[in-house]
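Right, one structure below, let's go through it.
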Amino acid sequence: MASTVSDRPGYGQLLRTPGAWTFLLPGFAARQPFAMLTIGIVLLVQHTTGSYGSAGAVAAFSGVSMALFAPQSGRLADRFGQRAVLLPGVLVHAVSVGALTALALADAPLWALFLAAVPTGASIPQVGPMVRARWAARLDAAPGRPASPLMATAAAFESVTDEFTFVIGPVLATALCTGVHPAAGLVAEGALTLIGGVLFAAQRSTQPAPRGAATAAEPHRSALSVPGVRVLAVSFLGIGAVFGGMQVSLTAFSEEIGRPGVNGLLYGIFAAGNMLAGIACGAIAWKSGPRRRLIVGYAALTLTASGLWAVHSVPLLAGLGLLVGLCIAPALISGYTLVDALVPASARTEAFTWLTGAVALGQAAAVTVAGQLADAHGASTGFLVPLTGTVLALATLLALRSRLTPPPAGRTVARGIGHREPVTVD
(Lines give C-alpha, C1' and ligand atoms only; values in the text may rest on other atoms or scores of the structure.)
Protein backbone atom coordinates (compact mmCIF):
# COMPACT_ATOMS: atom_id res chain seq x y z
CA MET A 1 0.00 0.00 0.00
CA ALA A 2 2.94 2.33 0.50
CA SER A 3 6.41 2.94 -0.88
CA THR A 4 9.40 4.93 0.27
CA VAL A 5 9.27 8.54 1.35
CA SER A 6 11.53 9.64 -1.51
CA ASP A 7 8.90 8.67 -4.09
CA ARG A 8 6.77 11.73 -3.30
CA PRO A 9 7.06 15.38 -2.35
CA GLY A 10 7.52 15.74 1.37
CA TYR A 11 6.88 18.22 4.15
CA GLY A 12 10.07 20.15 3.39
CA GLN A 13 8.96 20.92 -0.15
CA LEU A 14 5.45 21.74 1.04
CA LEU A 15 6.68 24.24 3.62
CA ARG A 16 8.83 25.94 0.97
CA THR A 17 5.66 26.87 -0.92
CA PRO A 18 5.80 30.66 -1.46
CA GLY A 19 3.72 32.50 1.12
CA ALA A 20 2.91 29.40 3.18
CA TRP A 21 4.34 30.63 6.47
CA THR A 22 2.40 33.88 6.27
CA PHE A 23 -0.85 31.99 6.88
CA LEU A 24 0.41 28.91 8.73
CA LEU A 25 1.59 30.63 11.91
CA PRO A 26 -1.42 32.92 12.46
CA GLY A 27 -3.68 30.08 11.30
CA PHE A 28 -2.29 27.83 14.02
CA ALA A 29 -2.93 30.50 16.66
CA ALA A 30 -6.46 31.11 15.39
CA ARG A 31 -7.50 27.44 15.34
CA GLN A 32 -6.03 26.61 18.75
CA PRO A 33 -9.14 27.64 20.74
CA PHE A 34 -11.37 25.31 18.70
CA ALA A 35 -10.05 22.34 20.69
CA MET A 36 -10.73 24.14 23.98
CA LEU A 37 -14.39 25.04 23.54
CA THR A 38 -16.23 21.75 24.15
CA ILE A 39 -14.14 20.66 27.11
CA GLY A 40 -14.26 24.21 28.52
CA ILE A 41 -18.07 24.19 28.39
CA VAL A 42 -18.29 20.70 29.88
CA LEU A 43 -15.99 21.51 32.81
CA LEU A 44 -17.62 24.85 33.62
CA VAL A 45 -21.25 23.70 33.35
CA GLN A 46 -20.56 20.47 35.21
CA HIS A 47 -19.01 22.54 38.00
CA THR A 48 -22.01 24.87 38.26
CA THR A 49 -24.76 22.25 37.79
CA GLY A 50 -23.14 19.07 39.08
CA SER A 51 -24.39 17.13 36.05
CA TYR A 52 -22.43 15.72 33.13
CA GLY A 53 -25.71 15.33 31.27
CA SER A 54 -26.47 19.05 31.51
CA ALA A 55 -22.88 19.95 30.66
CA GLY A 56 -22.94 17.68 27.61
CA ALA A 57 -26.29 19.08 26.48
CA VAL A 58 -25.03 22.68 26.60
CA ALA A 59 -21.88 21.68 24.70
CA ALA A 60 -24.12 19.84 22.22
CA PHE A 61 -26.16 23.00 21.54
CA SER A 62 -22.91 24.76 20.70
CA GLY A 63 -21.77 21.90 18.46
CA VAL A 64 -25.07 21.61 16.58
CA SER A 65 -25.08 25.37 16.04
CA MET A 66 -21.58 25.20 14.61
CA ALA A 67 -22.50 22.28 12.36
CA LEU A 68 -25.47 24.20 10.95
CA PHE A 69 -23.71 27.53 10.46
CA ALA A 70 -20.18 26.44 9.49
CA PRO A 71 -21.08 25.53 5.87
CA GLN A 72 -22.80 28.88 5.45
CA SER A 73 -19.68 30.58 6.75
CA GLY A 74 -17.59 28.62 4.25
CA ARG A 75 -19.92 29.48 1.41
CA LEU A 76 -19.75 33.19 2.29
CA ALA A 77 -15.96 32.99 2.50
CA ASP A 78 -15.82 31.44 -1.00
CA ARG A 79 -18.03 34.23 -2.30
CA PHE A 80 -16.87 37.36 -0.47
CA GLY A 81 -13.45 36.44 0.87
CA GLN A 82 -12.22 34.98 4.12
CA ARG A 83 -11.44 38.28 5.80
CA ALA A 84 -14.97 39.62 5.29
CA VAL A 85 -16.40 36.61 7.14
CA LEU A 86 -13.70 36.08 9.76
CA LEU A 87 -13.47 39.52 11.38
CA PRO A 88 -17.12 39.90 12.40
CA GLY A 89 -17.23 36.21 13.31
CA VAL A 90 -14.45 36.36 15.91
CA LEU A 91 -15.97 39.47 17.51
CA VAL A 92 -19.36 37.77 17.86
CA HIS A 93 -17.70 34.64 19.23
CA ALA A 94 -15.77 36.50 21.92
CA VAL A 95 -18.93 38.27 23.10
CA SER A 96 -20.95 35.04 23.04
CA VAL A 97 -18.37 33.11 25.06
CA GLY A 98 -18.34 35.91 27.61
CA ALA A 99 -22.12 35.78 27.90
CA LEU A 100 -22.19 31.99 28.28
CA THR A 101 -19.51 32.13 30.96
CA ALA A 102 -21.29 34.85 32.91
CA LEU A 103 -24.62 33.01 32.79
CA ALA A 104 -23.08 29.75 33.98
CA LEU A 105 -21.34 31.45 36.91
CA ALA A 106 -24.59 33.21 37.82
CA ASP A 107 -26.39 29.84 38.08
CA ALA A 108 -28.73 30.83 35.26
CA PRO A 109 -31.40 28.29 34.28
CA LEU A 110 -30.40 25.63 31.79
CA TRP A 111 -32.51 27.14 29.02
CA ALA A 112 -30.50 30.36 29.26
CA LEU A 113 -27.27 28.42 28.83
CA PHE A 114 -28.76 26.71 25.78
CA LEU A 115 -29.62 30.09 24.27
CA ALA A 116 -26.13 31.44 24.88
CA ALA A 117 -24.54 28.30 23.44
CA VAL A 118 -26.21 28.85 20.04
CA PRO A 119 -24.30 32.01 18.98
CA THR A 120 -21.18 30.64 20.67
CA GLY A 121 -21.16 27.66 18.32
CA ALA A 122 -22.47 29.51 15.27
CA SER A 123 -19.63 32.04 15.41
CA ILE A 124 -16.72 29.59 15.78
CA PRO A 125 -14.24 30.74 13.10
CA GLN A 126 -13.65 28.10 10.45
CA VAL A 127 -9.91 28.61 10.30
CA GLY A 128 -9.00 25.01 9.49
CA PRO A 129 -11.07 24.91 6.26
CA MET A 130 -9.79 28.39 5.37
CA VAL A 131 -6.18 27.25 5.73
CA ARG A 132 -6.91 24.18 3.57
CA ALA A 133 -8.44 26.43 0.92
CA ARG A 134 -5.32 28.62 1.02
CA TRP A 135 -3.14 25.58 0.46
CA ALA A 136 -5.22 24.67 -2.58
CA ALA A 137 -4.90 28.21 -3.92
CA ARG A 138 -1.14 28.31 -3.40
CA LEU A 139 -0.68 24.86 -4.95
CA ASP A 140 -2.93 25.83 -7.87
CA ALA A 141 -5.29 22.88 -7.49
CA ALA A 142 -7.69 24.25 -10.07
CA PRO A 143 -10.57 22.59 -11.95
CA GLY A 144 -9.46 21.05 -15.22
CA ARG A 145 -5.94 20.30 -13.99
CA PRO A 146 -4.48 17.23 -12.31
CA ALA A 147 -4.19 17.71 -8.56
CA SER A 148 -0.75 18.72 -7.31
CA PRO A 149 1.08 15.81 -5.64
CA LEU A 150 1.61 18.18 -2.73
CA MET A 151 -2.12 18.34 -2.01
CA ALA A 152 -2.08 14.98 -0.21
CA THR A 153 0.92 16.16 1.78
CA ALA A 154 -0.92 19.37 2.62
CA ALA A 155 -3.95 17.36 3.79
CA ALA A 156 -1.72 15.31 6.07
CA PHE A 157 0.05 18.39 7.35
CA GLU A 158 -3.27 20.03 8.21
CA SER A 159 -4.44 16.91 10.02
CA VAL A 160 -1.24 16.96 12.07
CA THR A 161 -1.77 20.64 12.84
CA ASP A 162 -5.39 20.03 13.84
CA GLU A 163 -4.38 17.20 16.12
CA PHE A 164 -1.54 19.18 17.64
CA THR A 165 -4.16 21.68 18.73
CA PHE A 166 -6.14 18.79 20.21
CA VAL A 167 -3.05 17.75 22.13
CA ILE A 168 -2.55 21.25 23.55
CA GLY A 169 -6.12 22.60 23.74
CA PRO A 170 -7.85 20.12 26.06
CA VAL A 171 -4.79 19.90 28.32
CA LEU A 172 -4.60 23.69 28.55
CA ALA A 173 -8.35 24.10 29.12
CA THR A 174 -8.38 21.37 31.77
CA ALA A 175 -5.36 22.85 33.56
CA LEU A 176 -6.94 26.30 33.58
CA CYS A 177 -10.32 25.02 34.77
CA THR A 178 -8.94 22.78 37.51
CA GLY A 179 -5.93 24.88 38.55
CA VAL A 180 -7.09 28.47 38.14
CA HIS A 181 -10.89 28.76 37.95
CA PRO A 182 -13.69 26.67 36.38
CA ALA A 183 -14.35 29.50 33.91
CA ALA A 184 -10.70 30.09 32.98
CA GLY A 185 -10.75 27.63 30.08
CA LEU A 186 -13.63 29.38 28.31
CA VAL A 187 -12.22 32.85 28.99
CA ALA A 188 -8.90 31.84 27.45
CA GLU A 189 -10.72 30.28 24.47
CA GLY A 190 -12.58 33.51 23.72
CA ALA A 191 -9.47 35.68 24.04
CA LEU A 192 -7.31 33.41 21.86
CA THR A 193 -10.02 33.20 19.20
CA LEU A 194 -10.24 36.97 18.97
CA ILE A 195 -6.48 37.59 18.83
CA GLY A 196 -5.65 34.69 16.53
CA GLY A 197 -8.57 35.36 14.21
CA VAL A 198 -7.63 39.00 13.71
CA LEU A 199 -4.00 38.06 12.97
CA PHE A 200 -5.08 35.41 10.45
CA ALA A 201 -7.54 37.74 8.73
CA ALA A 202 -4.75 40.29 8.27
CA GLN A 203 -2.96 37.92 5.85
CA ARG A 204 -4.73 39.11 2.72
CA SER A 205 -2.15 38.11 0.11
CA THR A 206 -2.70 34.35 0.51
CA GLN A 207 -6.47 34.16 0.76
CA PRO A 208 -8.23 32.62 -2.28
CA ALA A 209 -9.79 35.14 -4.61
CA PRO A 210 -13.51 35.62 -3.86
CA ARG A 211 -15.71 34.22 -6.58
CA GLY A 212 -18.08 37.20 -6.41
CA ALA A 213 -21.80 37.38 -6.98
CA ALA A 214 -23.67 34.68 -8.88
CA THR A 215 -24.78 35.18 -12.45
CA ALA A 216 -27.70 33.72 -14.33
CA ALA A 217 -25.29 31.76 -16.53
CA GLU A 218 -23.38 30.28 -13.60
CA PRO A 219 -25.50 30.16 -10.44
CA HIS A 220 -23.87 29.24 -7.18
CA ARG A 221 -24.58 25.76 -5.90
CA SER A 222 -23.81 24.26 -2.57
CA ALA A 223 -20.86 21.87 -2.33
CA LEU A 224 -23.36 19.52 -0.69
CA SER A 225 -24.90 18.96 -4.14
CA VAL A 226 -21.88 16.74 -4.86
CA PRO A 227 -22.93 13.20 -3.79
CA GLY A 228 -19.46 12.33 -2.53
CA VAL A 229 -19.45 15.31 -0.17
CA ARG A 230 -22.69 14.09 1.38
CA VAL A 231 -21.20 10.63 1.95
CA LEU A 232 -18.05 12.13 3.48
CA ALA A 233 -20.12 14.37 5.74
CA VAL A 234 -22.03 11.37 7.08
CA SER A 235 -18.81 9.43 7.63
CA PHE A 236 -17.27 12.37 9.51
CA LEU A 237 -20.17 12.24 11.97
CA GLY A 238 -18.55 9.06 13.28
CA ILE A 239 -15.22 10.81 13.79
CA GLY A 240 -17.06 13.51 15.74
CA ALA A 241 -18.66 10.78 17.85
CA VAL A 242 -15.17 9.57 18.78
CA PHE A 243 -13.98 13.04 19.76
CA GLY A 244 -17.10 13.90 21.76
CA GLY A 245 -17.47 10.51 23.39
CA MET A 246 -13.81 10.46 24.41
CA GLN A 247 -13.90 13.96 25.88
CA VAL A 248 -16.91 13.37 28.12
CA SER A 249 -16.12 9.76 29.01
CA LEU A 250 -12.49 10.44 29.89
CA THR A 251 -13.60 13.38 32.06
CA ALA A 252 -16.19 11.20 33.82
CA PHE A 253 -13.69 8.35 34.21
CA SER A 254 -11.13 10.66 35.81
CA GLU A 255 -13.71 12.00 38.25
CA GLU A 256 -14.96 8.50 38.99
CA ILE A 257 -11.52 7.27 40.08
CA GLY A 258 -10.86 10.45 42.09
CA ARG A 259 -8.08 11.75 39.83
CA PRO A 260 -9.60 14.64 37.81
CA GLY A 261 -6.19 15.94 36.78
CA VAL A 262 -5.48 12.82 34.71
CA ASN A 263 -8.21 13.76 32.22
CA GLY A 264 -6.02 16.15 30.26
CA LEU A 265 -3.22 13.60 30.12
CA LEU A 266 -5.47 10.83 28.81
CA TYR A 267 -7.03 13.02 26.15
CA GLY A 268 -3.63 14.38 25.22
CA ILE A 269 -2.32 10.83 24.63
CA PHE A 270 -5.37 10.07 22.49
CA ALA A 271 -4.80 13.22 20.42
CA ALA A 272 -1.06 12.55 20.23
CA GLY A 273 -1.80 9.21 18.56
CA ASN A 274 -3.83 11.05 15.95
CA MET A 275 -1.01 13.54 15.40
CA LEU A 276 1.67 10.85 15.03
CA ALA A 277 -0.43 8.93 12.53
CA GLY A 278 -0.97 12.14 10.58
CA ILE A 279 2.78 12.72 10.36
CA ALA A 280 3.28 9.18 9.06
CA CYS A 281 0.46 9.47 6.52
CA GLY A 282 2.02 12.59 5.05
CA ALA A 283 5.45 10.98 4.77
CA ILE A 284 4.33 7.75 3.06
CA ALA A 285 3.92 7.45 -0.70
CA TRP A 286 0.62 5.57 -0.79
CA LYS A 287 -0.09 3.28 -3.73
CA SER A 288 -3.72 2.76 -2.75
CA GLY A 289 -6.21 5.56 -3.34
CA PRO A 290 -7.81 7.72 -0.65
CA ARG A 291 -11.19 5.97 -0.90
CA ARG A 292 -9.68 2.61 0.01
CA ARG A 293 -7.58 4.19 2.77
CA LEU A 294 -10.68 5.85 4.17
CA ILE A 295 -12.54 2.56 4.44
CA VAL A 296 -9.58 0.64 5.87
CA GLY A 297 -8.87 3.44 8.35
CA TYR A 298 -12.49 3.47 9.47
CA ALA A 299 -12.53 -0.29 9.93
CA ALA A 300 -9.44 -0.05 12.14
CA LEU A 301 -11.00 2.83 14.09
CA THR A 302 -14.14 0.78 14.73
CA LEU A 303 -12.08 -2.19 15.90
CA THR A 304 -9.98 -0.21 18.38
CA ALA A 305 -12.99 1.74 19.72
CA SER A 306 -14.78 -1.52 20.48
CA GLY A 307 -12.67 -2.17 23.58
CA LEU A 308 -12.87 1.21 25.32
CA TRP A 309 -15.91 0.41 27.44
CA ALA A 310 -14.24 -2.64 29.02
CA VAL A 311 -11.06 -0.85 30.22
CA HIS A 312 -10.95 0.33 33.84
CA SER A 313 -7.31 1.25 34.52
CA VAL A 314 -5.46 4.43 33.58
CA PRO A 315 -2.49 2.74 31.81
CA LEU A 316 -4.70 0.45 29.74
CA LEU A 317 -7.06 3.28 28.83
CA ALA A 318 -4.11 5.46 27.83
CA GLY A 319 -2.75 2.68 25.61
CA LEU A 320 -6.06 1.94 23.93
CA GLY A 321 -6.77 5.64 23.57
CA LEU A 322 -3.44 5.97 21.76
CA LEU A 323 -4.47 3.22 19.33
CA VAL A 324 -7.83 4.88 18.70
CA GLY A 325 -6.04 8.15 17.98
CA LEU A 326 -3.66 6.42 15.57
CA CYS A 327 -6.64 5.25 13.51
CA ILE A 328 -8.37 8.63 13.21
CA ALA A 329 -5.79 10.51 11.14
CA PRO A 330 -5.83 8.13 8.12
CA ALA A 331 -9.59 8.48 7.86
CA LEU A 332 -9.54 12.26 8.24
CA ILE A 333 -6.70 12.78 5.76
CA SER A 334 -8.26 10.47 3.19
CA GLY A 335 -11.59 12.30 3.45
CA TYR A 336 -10.06 15.72 2.98
CA THR A 337 -7.94 14.44 0.08
CA LEU A 338 -11.09 13.16 -1.63
CA VAL A 339 -12.58 16.67 -1.46
CA ASP A 340 -9.83 17.89 -3.79
CA ALA A 341 -10.86 15.21 -6.30
CA LEU A 342 -14.60 15.81 -6.00
CA VAL A 343 -15.02 19.57 -5.60
CA PRO A 344 -13.51 22.50 -7.56
CA ALA A 345 -11.83 25.48 -5.92
CA SER A 346 -14.90 27.72 -6.19
CA ALA A 347 -16.72 25.63 -3.55
CA ARG A 348 -13.82 24.06 -1.69
CA THR A 349 -13.96 26.13 1.52
CA GLU A 350 -17.64 25.31 1.84
CA ALA A 351 -16.94 21.61 1.23
CA PHE A 352 -14.29 21.58 3.94
CA THR A 353 -16.67 23.30 6.35
CA TRP A 354 -19.34 20.66 5.69
CA LEU A 355 -16.86 18.05 6.88
CA THR A 356 -15.78 20.16 9.84
CA GLY A 357 -19.42 20.81 10.67
CA ALA A 358 -20.18 17.10 10.47
CA VAL A 359 -17.42 16.42 12.99
CA ALA A 360 -18.92 19.08 15.25
CA LEU A 361 -22.43 17.65 14.88
CA GLY A 362 -21.21 14.15 15.68
CA GLN A 363 -19.31 15.54 18.62
CA ALA A 364 -22.40 17.38 19.85
CA ALA A 365 -24.54 14.25 19.73
CA ALA A 366 -21.79 12.24 21.39
CA VAL A 367 -21.24 14.58 24.33
CA THR A 368 -24.99 14.62 25.00
CA VAL A 369 -25.45 10.85 24.88
CA ALA A 370 -22.17 10.06 26.62
CA GLY A 371 -22.99 12.56 29.36
CA GLN A 372 -26.38 11.01 29.98
CA LEU A 373 -24.90 7.50 30.03
CA ALA A 374 -22.10 8.53 32.38
CA ASP A 375 -24.60 10.14 34.77
CA ALA A 376 -26.91 7.13 34.77
CA HIS A 377 -24.61 4.13 34.46
CA GLY A 378 -21.01 5.23 35.01
CA ALA A 379 -18.14 6.39 32.85
CA SER A 380 -17.55 3.07 31.09
CA THR A 381 -20.93 3.17 29.32
CA GLY A 382 -20.05 6.52 27.79
CA PHE A 383 -17.34 4.78 25.77
CA LEU A 384 -20.05 2.89 23.87
CA VAL A 385 -20.78 6.15 22.01
CA PRO A 386 -17.55 6.19 19.92
CA LEU A 387 -18.12 2.55 19.01
CA THR A 388 -21.71 3.12 17.89
CA GLY A 389 -20.78 6.19 15.85
CA THR A 390 -17.95 4.48 14.00
CA VAL A 391 -19.99 1.36 13.25
CA LEU A 392 -22.79 3.40 11.67
CA ALA A 393 -20.36 5.57 9.69
CA LEU A 394 -18.43 2.54 8.41
CA ALA A 395 -21.66 0.91 7.27
CA THR A 396 -22.55 4.08 5.36
CA LEU A 397 -19.14 4.21 3.68
CA LEU A 398 -19.34 0.60 2.57
CA ALA A 399 -22.87 1.00 1.21
CA LEU A 400 -22.22 4.27 -0.66
CA ARG A 401 -18.54 4.02 -1.56
CA SER A 402 -19.28 4.28 -5.30
CA ARG A 403 -20.32 7.91 -4.76
CA LEU A 404 -16.77 8.77 -3.75
CA THR A 405 -15.55 8.27 -7.33
CA PRO A 406 -14.99 11.55 -9.25
CA PRO A 407 -16.86 11.89 -12.57
CA PRO A 408 -15.03 11.23 -15.86
CA ALA A 409 -13.20 14.08 -17.56
CA GLY A 410 -15.51 16.64 -19.11
CA ARG A 411 -18.50 15.82 -16.92
CA THR A 412 -19.94 18.41 -14.57
CA VAL A 413 -19.27 17.69 -10.92
CA ALA A 414 -22.36 19.50 -9.78
CA ARG A 415 -24.44 21.87 -11.82
CA GLY A 416 -23.09 25.38 -11.44
CA ILE A 417 -19.93 24.24 -9.68
CA GLY A 418 -17.50 23.24 -12.44
CA HIS A 419 -15.52 20.40 -14.02
CA ARG A 420 -12.81 18.05 -12.93
CA GLU A 421 -10.05 15.95 -14.38
CA PRO A 422 -10.27 12.28 -13.41
CA VAL A 423 -8.48 11.41 -10.19
CA THR A 424 -7.60 7.95 -8.97
CA VAL A 425 -9.33 7.22 -5.68
CA ASP A 426 -8.79 3.45 -5.26
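The values are calculated or read from the model by the stated rules, or taken from the named source; none is laboratory data. Predicted model only: the values in this text are computed from it and were never measured. Every residue, glycine as well, gets a Cβ built from its backbone with ideal geometry; the counts of neighbours run over all protein chains shown. For accessibility, only protein heavy atoms count, side chains too; no ligands or nucleic acids. Shrake-Rupley method; radii C 1.70, N 1.55, O 1.52, S 1.80 Å.
Structure summary
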| read-out | value |
| --- | --- |
| Alpha carbon centroid spacing (whole Å) that separates region 169-197 from region 14-71 | 11 Å |
| Shape category assigned to region 319-382 from the gyration tensor of Cα positions, a/c cut at 1.5 | oblate |
| Added length on full extension, which subtracts the Cα-Cα distance from 0.36 nm per residue, ALA175 to VAL296 | 40.0 nm |
| Where a label projected 7 Å from the Cα of ALA191 along Cα→Cβ would reach, residues of region 33-54 with amide N under 20 Å | 33-45 |
| For THR388, solvent-accessible area (1.4 Å; no DNA, RNA or ligand), Å² | 80 Å² |
| Segment ALA108-THR388, extension gain: residue separation times 0.36 nm, minus the distance between their alpha carbons | 97.5 nm |
| Low-density loop cleavage sites - trypsin sites (Lys or Arg not before Pro) in region 243-309, where at most 11 other Cβ are within 10 Å (DSSP) | LYS287 |
